[in-house]
Amino acid sequence: MTQTDCIEASSTVSALELTPWSQTPAQDIPQREYIDEDLNHPSPPFDINSAVNSKLAVFQGDFCNLLVDALINPTNEHLNDKNAFSKRLVERAGPQLKKDLQCDIKSCRTGEARITSGYDLLCQYVVHTVGPKYQQRYLSASESALYSSYRSSLSLMKEHNISTLAIPPLHSSRRGFPPVEGAHIALRTIRRFLEEFVQDPCVQRIVLLLDKVDLEIYSLLLPLYFPRTKAEQRRAMHGLPRDLGGKHGEPVIPERQIRIQDTPFFRTGENPPDFEDLDMSVCVGKSSFARMQHDVDNKRKYRQHEADSLTSEVSRKNRYERLLRKAKEMDFREIREANIIYRSGVDKFGRTVFIFVGRNYAPKEVSFEALCCYIIRLMDKEVAQPFVVVYLHSCTGNRNYMSYTQLREFYQTLDYRYKKNLQLMYIVHPTLWSRLSMWWFTTITTSGLSRKVRLLGGIEYLYLNISPDQLNVPQFVLDYDYSVNGARYYDFSPQPPANSDDTREENGSAPTTHRSCSTGTAACQTIL
């Protein structure tokens with residue numbers, strides 16, 4: 001989806017004049033695109049519904065120039081959020097809206113929505129809702145609150161007979177909510193709402209208000225939730241998560257779904273006379289005291305296992321905190337100059353990208369503990385959000401290899417945030433030995449990591465998910481890649497380093513070099 005598909009407007013435009021999603025050209029997706037990936041859904045999770053797709057549109061531009069019946073204002077509990085969208089909306093609406101918020105509504109709880117007049121805005125109503133603060137410890141609560149914000153706002157649309165509604169993303173990066181997870185919740189909630197009221201003539205159009213960053217995320221997810229072709233349906237079977245929520249798109253926690261039997265003790269029908277079916281004989285084999293008991297030591301062993309697990313977790317946490325304290329006192333000038341690991345940029349989903357250059361690390365020159373401390377200091381504040389790791393195995397030799405024992409101990413030292421928020425790990429230019437080693441490490445030593453690993457034969461395969469200007473790759477890696485995959489490229493134009501050695505930041509930077517490739521996106525999309 002390009003910017004022209006979503007009408008970047010500079011003058012007043014009606015919501016019904018926007019190109020509906022059903023008429024937006026679909027991207028060509030090869031049938032073999034996901035042939036090597038596991039299915040998340042055995043059948044397409046969403047039908048091709050032109051009526052639903054025609055009620056959705058995308059708008060990138062000034063929301064003050066959009067003519068809709070109602071506009072959603074993402075704000076805070078006290079209705080005085082200072083984010084750019086909310087601040088401009090309240091200012092354009094005039095002093096009467098401020099008076100309503102301060103004197104009449106006063107406050108709004110997280111997940112709820114309140115409605116006021118639009119006053120000086122082009123819209124008739126403004127719906128004020130409060131999105132959640134994202135906390136990893138309370139993940140289900142954060143997701144449920146975000147769903148509630150969307151659903152409450154959409155319910156007001158039906159309650160007040162609002163025909164056209166404009167919705168910006170209600171998940172805020174200022175509150176720490178991951179943009180991709182927030183987009184999933186938004187789209188599935190809107191999809192379920194439109195399915196429910198697809199025949200309602202009052203619900204005519206929902207407009208997504210997106211900026212440039214959000215547009216890149218939604219352009220990838222919209223075809224999955226609102227498919228227009230069979231190819232997009234097949235892509236949704238692989239690209240959508242297994243958990244798509246409940247009937248209305250709400251997050252579902254299986255542990256809390258308690259099955260309650262309807263009036264188990266008082267069933268309909270004739271009740272048999274008292275003692276009619278009572279067996280008065282004594283059968284010792286069926287008596288409770290005669291039942292075989294399991295090993296009486298099982299409970300003691302289970303409690304011991306729980307205590308051992310708790311002790312292990314406390315020990316791991318202490319090791320991590322010790323390394324973090326040590327890292328804050330160490331001088332990492334040598335490691336930074338070696339460009340072993342550094343923050344490169346962000347991918348098209350807004351996830352931070354870290355690059356590890358295998359050839360630049362020599363265990364005999366840099367101690368493994370010092371490298372671990374540097375990695376923890378570099379990534380500790382970043383791993384609260386989803387991130388991606390790119391490991392460049394180009395031109396590595398025996399002098400660059402780490403021991404499995406050290407890797408396993410370091411991986412076990414990392415806290416839950418690293419393992420939860422690591423979305424993908426790309427290994428570029430793997431050799432046969434590195435493939436076997438990675439299989440052993442991810443499958444046998446650290447089970448659960450293997451599904452996140454992608455083996456890539458060239459740099460060009462990264463360009464689908466990571467823009468070239470966000471991918472800082474050393475020159476020798478590009479030279480090696482060109483020597484191996486030279487026939488794939490139609491242009492090779494290295495650029496000078498963006499940053500000199502004496503101006504590098506502590507968070508790491510590397511020379512920026514780009515290359516265009518002719519392989520296209522079809523071959524690259526298998527790494528999603």
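Any read-out appearing in this document is the output of simple, stated calculations on the displayed coordinates, not a laboratory observation. Everything numeric here is computed off the predicted structure, so don't read it as measured data. Cβ coordinates were reconstructed from backbone atoms using ideal geometry, including for glycine residues, and neighbour counts include every protein chain displayed.
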Original post:
Placing +1 at every Lys and Arg Cβ and -1 at every Asp and Glu Cβ, with all other atoms neutral, what dipole size does the range 118-191 have around its Cα centre, in debye to the nearest 20?
Top reply: 240 debye
**OP:** Return the lysines within reach of Lys317: Cα separation strictly under 18 angstrom, same-chain partners fewer than 8 residues apart disregarded; answer none if there are no such residues.
**Re:** Lys326, Lys328, Lys381, Lys419, Lys420
**OP:** Pop the C-beta distance of His41 and Ser450 into the FRET formula with R0 = 25 Å and round what comes out to the nearest 0.05.
**Re:** 0.75
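Could you tell me the calculated FRET efficiency between Glu334 and Lys381, based on Cβ-Cβ distance and R0 = 22 angstrom, to the nearest 0.05?
0.50
Which FRET efficiency value, to the nearest 0.05, is calculated for Phe197 and Ser367 with the Förster distance at 41 angstrom and r the Cβ-Cβ distance?
Numbers: r = 63 Å, r/R0 = 1.53.
FRET efficiency, Phe197 to Ser367: 0.05.
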Subject >> Theoretical gain in end-to-end length, Ala51 to Tyr401 [0.36 nm per residue, Cα-Cα removed] >> reply: 120.3 nm
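State to the nearest 20 debye the size of the charge dipole of the range 3-252 about its Cα centre, where the only charges are +1 on K and R beta carbons and -1 on D and E beta carbons.
560 debye
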Subject >> Arg319-His238 pseudo-label distance in nm [points 7 Å out on the Cα-to-Cβ vector] >> reply: 3.7 nm
**OP:** Identify, among Phe193, Ile72, Gln135, the residue whose Cα sits farthest towards the positive end of the charge dipole of the range 64-209, taking +1 on the Cβ of Lys and Arg and -1 on the Cβ of Asp and Glu, with the dipole about the Cα centre.
**Re:** Gln135
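Kindly provide the Kirkwood hydrodynamic radius of the range 101-194 in Å, to one decimal, from all pairs of distinct alpha carbon atoms. List each step's numbers first, then the result.
On the way: mean 1/r = 0.0717 Å⁻¹.
About 14.0 Å for the range 101-194.
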Original post:
Dipole magnitude of the range 42-136 about its Cα centre, charges +1 at Lys/Arg Cβ and -1 at Asp/Glu Cβ only, in debye to the nearest 20?
Top reply: 280 debye
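As a footprinting exposure proxy, order His238, His184 by other Cβ within 10 Å, with the fewest listed first.
Values: His238 16, His184 22.
In order of increasing Cβ crowding within 10 Å: His238, His184.
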**OP:** Find the centroid of the Cα atoms in the range 47-126 and in the range 329-352, then give the distance between the two in whole Å.
**Re:** 40 Å
Original post:
Which length gain, in nm to one decimal place, applies between Ile253 and Asp62 when the Cα-Cα distance is subtracted from 0.36 nm times their residue separation?
Top reply: 64.9 nm
Subject >> Sites matching trypsin sites (Lys or Arg not before Pro) across the range 214-245 that sit in DSSP coil, with at most 15 neighbouring C-beta atoms within 10 Å >> reply: Arg242
